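Notes to accompany the following structure.
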Amino acid sequence: MRTVALMLKAIHAGENRTAVEVKARDVVTSLLEMKLAKLADWVEASVTETLTYYAYPCEHWRRIRTNNPLERIMREIRRRTRVVGSFPDGESALNLAAARLRHIAGTKWSSRRYLDMELLTRQVLEVA
(Lines give C-alpha, C1' and ligand atoms only; values in the text may rest on other atoms or scores of the structure.)
Protein backbone atom coordinates (compact mmCIF):
# COMPACT_ATOMS: atom_id res chain seq x y z
CA MET A 1 0.00 0.00 0.00
CA ARG A 2 2.83 2.39 0.82
CA THR A 3 4.38 1.72 -2.58
CA VAL A 4 1.17 2.70 -4.33
CA ALA A 5 0.89 5.89 -2.25
CA LEU A 6 4.45 6.86 -3.18
CA MET A 7 3.72 6.16 -6.85
CA LEU A 8 0.67 8.42 -6.76
CA LYS A 9 2.62 11.19 -5.03
CA ALA A 10 5.37 10.89 -7.63
CA ILE A 11 2.91 11.81 -10.36
CA HIS A 12 2.63 15.36 -9.03
CA ALA A 13 6.35 15.83 -8.41
CA GLY A 14 7.09 16.74 -12.02
CA GLU A 15 8.25 20.14 -13.19
CA ASN A 16 5.82 20.46 -16.07
CA ARG A 17 2.64 18.87 -17.35
CA THR A 18 4.35 16.78 -20.02
CA ALA A 19 6.68 15.14 -17.50
CA VAL A 20 3.78 14.50 -15.16
CA GLU A 21 1.69 12.87 -17.90
CA VAL A 22 4.62 10.58 -18.77
CA LYS A 23 4.99 9.69 -15.08
CA ALA A 24 1.25 8.99 -14.85
CA ARG A 25 1.48 6.57 -17.77
CA ASP A 26 4.40 4.84 -16.06
CA VAL A 27 2.42 4.56 -12.84
CA VAL A 28 -0.56 3.08 -14.69
CA THR A 29 1.75 0.52 -16.30
CA SER A 30 3.27 -0.34 -12.92
CA LEU A 31 -0.17 -0.72 -11.36
CA LEU A 32 -1.21 -3.08 -14.14
CA GLU A 33 1.94 -5.13 -13.53
CA MET A 34 1.02 -5.27 -9.83
CA LYS A 35 -2.39 -6.66 -10.90
CA LEU A 36 -4.24 -3.56 -9.68
CA ALA A 37 -6.31 -3.04 -12.83
CA LYS A 38 -9.17 -1.14 -11.17
CA LEU A 39 -6.78 1.32 -9.58
CA ALA A 40 -4.89 1.69 -12.86
CA ASP A 41 -8.14 2.46 -14.68
CA TRP A 42 -9.11 4.99 -12.01
CA VAL A 43 -5.72 6.75 -12.18
CA GLU A 44 -5.85 6.83 -15.96
CA ALA A 45 -9.38 8.25 -15.97
CA SER A 46 -8.93 10.86 -13.27
CA VAL A 47 -5.33 12.04 -13.45
CA THR A 48 -6.10 14.86 -15.89
CA GLU A 49 -8.51 16.41 -13.35
CA THR A 50 -5.72 16.69 -10.81
CA LEU A 51 -3.35 18.40 -13.25
CA THR A 52 -5.36 21.53 -14.03
CA TYR A 53 -3.14 23.64 -11.79
CA TYR A 54 -0.40 23.35 -14.45
CA ALA A 55 -2.39 25.86 -16.56
CA TYR A 56 -1.54 28.57 -14.01
CA PRO A 57 1.82 30.24 -13.24
CA CYS A 58 4.23 27.88 -11.46
CA GLU A 59 4.37 30.25 -8.48
CA HIS A 60 0.71 29.40 -7.78
CA TRP A 61 0.91 25.61 -8.17
CA ARG A 62 1.52 24.76 -4.52
CA ARG A 63 -1.26 27.02 -3.34
CA ILE A 64 -3.79 25.80 -5.89
CA ARG A 65 -3.25 22.09 -5.33
CA THR A 66 -3.46 22.29 -1.53
CA ASN A 67 -6.16 23.52 0.79
CA ASN A 68 -3.92 24.60 3.67
CA PRO A 69 -5.87 27.78 4.55
CA LEU A 70 -9.08 25.83 4.90
CA GLU A 71 -7.31 23.15 6.95
CA ARG A 72 -5.93 25.86 9.22
CA ILE A 73 -9.39 27.31 9.81
CA MET A 74 -10.86 23.89 10.54
CA ARG A 75 -8.02 23.10 12.96
CA GLU A 76 -8.69 26.36 14.82
CA ILE A 77 -12.43 25.62 15.10
CA ARG A 78 -11.68 22.07 16.27
CA ARG A 79 -9.28 23.41 18.89
CA ARG A 80 -11.93 25.80 20.22
CA THR A 81 -14.68 23.20 20.32
CA ARG A 82 -12.51 20.67 22.17
CA VAL A 83 -11.97 23.16 24.97
CA VAL A 84 -15.71 23.36 25.54
CA GLY A 85 -16.14 19.59 25.56
CA SER A 86 -19.85 18.94 25.09
CA PHE A 87 -22.37 21.44 23.83
CA PRO A 88 -25.95 21.65 25.10
CA ASP A 89 -27.24 21.70 21.52
CA GLY A 90 -26.07 22.02 17.92
CA GLU A 91 -26.94 25.70 17.85
CA SER A 92 -24.32 26.57 20.47
CA ALA A 93 -21.64 24.64 18.56
CA LEU A 94 -22.61 26.51 15.40
CA ASN A 95 -22.46 29.83 17.27
CA LEU A 96 -18.94 29.07 18.49
CA ALA A 97 -17.77 28.13 14.99
CA ALA A 98 -19.40 31.24 13.49
CA ALA A 99 -17.79 33.45 16.15
CA ARG A 100 -14.39 32.00 15.30
CA LEU A 101 -14.95 32.59 11.58
CA ARG A 102 -16.00 36.19 12.27
CA HIS A 103 -12.83 36.68 14.29
CA ILE A 104 -10.68 35.28 11.48
CA ALA A 105 -12.48 37.47 8.92
CA GLY A 106 -11.80 40.55 11.02
CA THR A 107 -8.09 39.99 11.59
CA LYS A 108 -5.01 40.59 9.49
CA TRP A 109 -4.83 36.85 8.74
CA SER A 110 -7.88 37.03 6.48
CA SER A 111 -6.59 40.00 4.49
CA ARG A 112 -3.34 38.35 3.40
CA ARG A 113 -3.04 37.69 -0.30
CA TYR A 114 -3.01 34.04 -1.13
CA LEU A 115 -2.32 34.38 -4.87
CA ASP A 116 -0.49 37.11 -6.75
CA MET A 117 -3.10 38.25 -9.24
CA GLU A 118 -0.48 40.19 -11.22
CA LEU A 119 0.96 36.87 -12.43
CA LEU A 120 -2.46 35.78 -13.68
CA THR A 121 -3.01 39.11 -15.40
CA ARG A 122 0.34 38.81 -17.20
CA GLN A 123 -0.46 35.25 -18.26
CA VAL A 124 -3.81 36.31 -19.70
CA LEU A 125 -2.17 39.16 -21.62
CA GLU A 126 0.49 36.82 -23.01
CA VAL A 127 -2.13 34.36 -24.26
CA ALA A 128 -4.26 37.10 -25.85
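The values are calculated or read from the model by the stated rules, or taken from the named source; none is laboratory data. Everything numeric here is computed off the predicted structure, so don't read it as measured data. FYI the Cβ positions are ideal-geometry reconstructions off the backbone, even for glycines, and counts take in every protein chain you see. SASA here: full protein model, heavy atoms, side chains in, ligands and nucleic acids out. Shrake-Rupley method; radii C 1.70, N 1.55, O 1.52, S 1.80 Å.
Quick grid of which residues meet (1) touching an Asp or Glu at 6+ places or on another chain (Cβ under 9 Å); (2) under 30 Å from R100 (Cβ atoms):
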site	(1), (2)
H12	no, no
T18	no, no
T52	no, no
P57	yes, no
H60	yes, yes
R72	no, yes
Here the residues within the range 38-89 that are open to solvent by 90 Å² or more (accessible area, probe 1.4 Å), within 24 Å of K108 (Cβ to Cβ) and in contact (Cβ under 8 Å) with a residue 60 or more places away in the chain are E59
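Being in contact (Cβ under 8 Å) with a residue 60 or more places away in the chain, of a type outside the set (K, R), under 20 Å from L115 (Cβ atoms) and not in a helix (DSSP H, G or I), is that true of even one residue in the range 5-18? Step through it out loud before you land on a result.
Within the range 5-18, the first condition is being in contact (Cβ under 8 Å) with a residue 60 or more places away in the chain, and the residues that meet it are none.
No, because not a single residue in the range 5-18 is in contact (Cβ under 8 Å) with a residue 60 or more places away in the chain, of a type outside the set (K, R), under 20 Å from L115 (Cβ atoms) and not in a helix (DSSP H, G or I).
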Residues of the range 1-37 being open to solvent by 30 Å² or more (accessible area, probe 1.4 Å), more than 17 Å from T50 (Cα to Cα) and either touching a Gly at 6+ places or on another chain (Cβ under 6 Å) or not hydroxyl-bearing (S, T, Y) (or both), in sequence order, are M1, R2, L32, E33, M34, K35, L36, A37
Just one listed residue, out of A97, A55, A93, A40, is at pLDDT 80 or above and closer than 30 Å to V124 by Cα, and it is A55
